[in-house]
1. Can you name the residue in the stretch 13-66 that is polar (S, T, N, Q) and either touching a Ser or Thr at 6+ places or on another chain (Cβ under 7 Å) or in a helix (DSSP H, G or I) (or both) and, of all such residues, is surrounded by the most Cβ atoms within 10 Å (Cβ to Cβ)?
2. Kindly establish whether Thr16 is among the polar types (S, T, N, Q), out of contact with any Gly (no Cβ under 9 Å at 6 or more places or on another chain) and at pLDDT 75 or above.
3. What is the residue count in the stretch 67-91 for residues that are assigned to a helix (DSSP H, G or I) and over 27 Å from Arg38 (Cβ atoms)?
4. Do you know which of the residues in the stretch 45-71 that are charged (D, E, K, R) and in contact with an Asp or Glu (Cβ under 9 Å, 6 or more places away or on another chain) is farthest from Phe149 (Cα to Cα)?
5. Would you check if Trp81 is more than 30 Å from Trp139 (Cα to Cα) and not β-branched (Val, Ile, Thr)?
Amino acid sequence: MDEYPSWSPPDVERRTAFVLNTPHVLGAVGEVVVVAERVEITDARVWLHARALSNAFTERLTTEFRAAGRAWRDLVATDGWDAAGDPPEEPGLVMTEVDVRLGDGADGHDGHPGHGGHGHDRVVSVGGSGTDWVATWSWARPEGDELTFVATSPDGEVTSLRVDPRLLG
């Protein structure tokens, strides 16, 4: 019988995920409350995954988004792409108004704007189908034994979440 060598791509990295026991409120934009649910870490990057709590307001925005999407698709079908213009903006984008930064406890930077930390290389994505109400922030992984996420709502309220990657394996 021939031997088949095992192989894995050289760019495979170990990713460790930490699911929060209790969703941590990052902030609010009006009636949209954004909660952290999961942190993922590799040797190179850190991701913070969040969602908006479902309530009557988010459901209304979702319903309005779907109606606007139908109207936009109808306009594309009858009058063409140029006449229709851009599709409606998904309501979940409002979650990006919560400014989330990554600092690390080791160097004393808390990630808050003006206090140092890692905000310059942050990547934010929102989405799914347009009604998922999920957001992910990503940064280059800083040095240090502890990660501190600092979130600032548009009204100025600041919250923080600390994670010790050593507990993640």
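1. Among those residues, the one meeting the criterion is Thr58.
2. no
3. 17
4. Looking at the filtered set, the residue picked out is Arg51.
5. It is true that Trp81 is more than 30 Å from Trp139 (Cα to Cα) and not β-branched (Val, Ile, Thr).
The values are calculated or read from the model by the stated rules, or taken from the named source; none is laboratory data. Everything quoted here is computed from the prediction, not taken from an experiment. Positions of Cβ are generated from backbone atoms using ideal geometry, with glycine treated the same way; all protein chains shown enter the neighbour counts.
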